[in-house]
Amino acid sequence: MREDASPAKVYGLHLAVVLALFAMNFVLPAYHHGLVARIMVLAIFAMGYNMLFGYAGLLSLGHAMFFSAGMYGAGLAMTHAGAGVALSFVAGITAGAVLSLAVGLLALRTSGVAFMIVTMMFAQVFYLLILYFAAWTGGDQGLVLQHGARIATLGSLSLDLTDPTVRYMTALALLAVALFVTLVVVRSRWGRVLIAIRGNEERTRMLGYDTFANKLAATVLSGTIAAAAGAAFALLFGYVGANFATVQYSILPLLWVLLGGAATTLGPLIGTVVMYYITDTASSYTSAWLLIVGIALIVLVLFFPKGIMGTLRKKWLGWLP
């Protein structure tokens, strides 16, 4: 980040993005209204992944387990314990935080390709556990959260998460929190330590920093944000499924981050929007949509080698965080 990246300019840009999404709630057609709500939740997942991959430089292929831990933590609490919306959301976040701490303590003893493989193995074990405990998790069929259970109440006030507008605004509120938390972290002293670890871990260690503890903290924060996205997805869209724990959902946030720009705060959101709409548009016209998506991604990579926001930052807008 360059010195001319003034706080007013940086925070103003991010606030403008949030306000633009807020305004879109009133003008989007019904189909795109629901689609953007889903994209915002998945963008939170990508933001969590970006904290670990983009800023700490750790390539994980196991983030689906954190997303699905949040999803199942919320879904199981609501389905089997009768928990309300707020308590279920907290249960999902807690599940993801505890799991990311446990996985981080073990996986961070490796590095490079070994770290990638170990995280993928943990994710596969988590997926198999979901299938094994099908009596609780619903197995391949998953769990459908009932309409009545997805109404949050606070005294005489009620918040129906099945209402499209409420769902959209809730997703936007969570996105705004995740976006500004990420922004504060990466502009902080700790964020600079993570970037230093990504650049040269041995030199950072020689400067007196505990690189293992810092990477573990980044893993827990990354996993917790991903779990928050998973819990929100379950509560907002009423479904918890094992397919969200597959390797595919560990690769998708990597693609979203690479497309939008790794180590940029807005990159995960931009990448998720672009990837989702390319896929949705292509699949509506042809059964060979994967070919079109592949060609589009190749073109984007050729013209934006550091991702969309990363390339904009390098060539024209050096102040972008």
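Structural remarks
- Qualifying residue in the range 40-49 (condition: among the aromatic types (Phe, Trp, Tyr), open to solvent by less than 20 Å² (accessible area, probe 1.4 Å) and closer than 20 Å to residue 137 by Cα): no
- Flag if residue 53 is in a helix (DSSP H, G or I) and either within 19 Å of residue 198 (Cα to Cα) or open to solvent by 50 Å² or more (accessible area, probe 1.4 Å) (or both): yes
- Any hit, the range 127-136, residues being touching a helix residue (DSSP H, G or I) at 6+ places or on another chain (Cβ under 7 Å), closer than 20 Å to residue 78 by Cβ and in contact (Cβ under 8 Å) with a residue 24 or more places away in the chain: yes
- Hits in the range 160-201 - residues which are closer than 23 Å to residue 19 by Cα, open to solvent by 50 Å² or more (accessible area, probe 1.4 Å), over 20 Å from the mean Cα position of the chain (by Cα) and without any contact (Cβ under 8 Å) to a residue 24 or more places away in the chain: 163
- Selection status of residue 270, open to solvent by 10 Å² or more (accessible area, probe 1.4 Å), at pLDDT below 95 and farther than 14 Å from residue 45 by Cβ: no
- Residues satisfying the stated conditions in the range 275-321, i.e. open to solvent by 70 Å² or more (accessible area, probe 1.4 Å) and of a type in the set (S, T, N, Q): 284, 287
- From 105, 143, 129, residue being at pLDDT 95 or above and closer than 30 Å to residue 210 by Cα: 105
- Here residue 111 meets each of (1) under 20 Å from the mean Cα position of the chain (by Cα); (2) open to solvent by 60 Å² or more (accessible area, probe 1.4 Å); (3) among the polar types (S, T, N, Q) with one exception, condition (1).
- Residue within the range 235-243 that is within 15 Å of the chain's Cα centre (by Cα), buried (at least 20 other Cβ atoms within 10 Å of the Cβ) and more than 12 Å from residue 49 (Cβ to Cβ) present: no
- Selection within the range 4-19 - open to solvent by less than 70 Å² (accessible area, probe 1.4 Å) and more than 20 Å from the chain's Cα centre (by Cα): 5, 6, 10, 12, 13, 16
- Residue within the range 125-140 that is crowded, with 18+ Cβ neighbours inside 10 Å, farther than 23 Å from residue 267 by Cα and small (Gly, Ala, Ser) present: yes
- Helices (runs of 4 or more DSSP H) wholly inside the range 234-321 that include at least 2 residues being on the phi > 0 side of the Ramachandran plot: none
- Checking 244, 237, 233 one by one, the residue that is touching a Ser or Thr at 6+ places or on another chain (Cβ under 7 Å), at pLDDT 95 or above and closer than 20 Å to residue 76 by Cα is 244 and no other.
- Count of the range 56-84 residues which are buried (at least 24 other Cβ atoms within 10 Å of the Cβ) and under 19 Å from residue 147 (Cα atoms): 6
The values are calculated or read from the model by the stated rules, or taken from the named source; none is laboratory data. Please read these numbers as outputs of a predicted model, since none were measured by experiment. Ideal geometry is used to build each Cβ from the backbone, glycine not excepted, and the neighbour counts take in all protein chains shown. Accessible surface areas use protein heavy atoms only, side chains included; no ligands, DNA or RNA. Shrake-Rupley method; radii C 1.70, N 1.55, O 1.52, S 1.80 Å.
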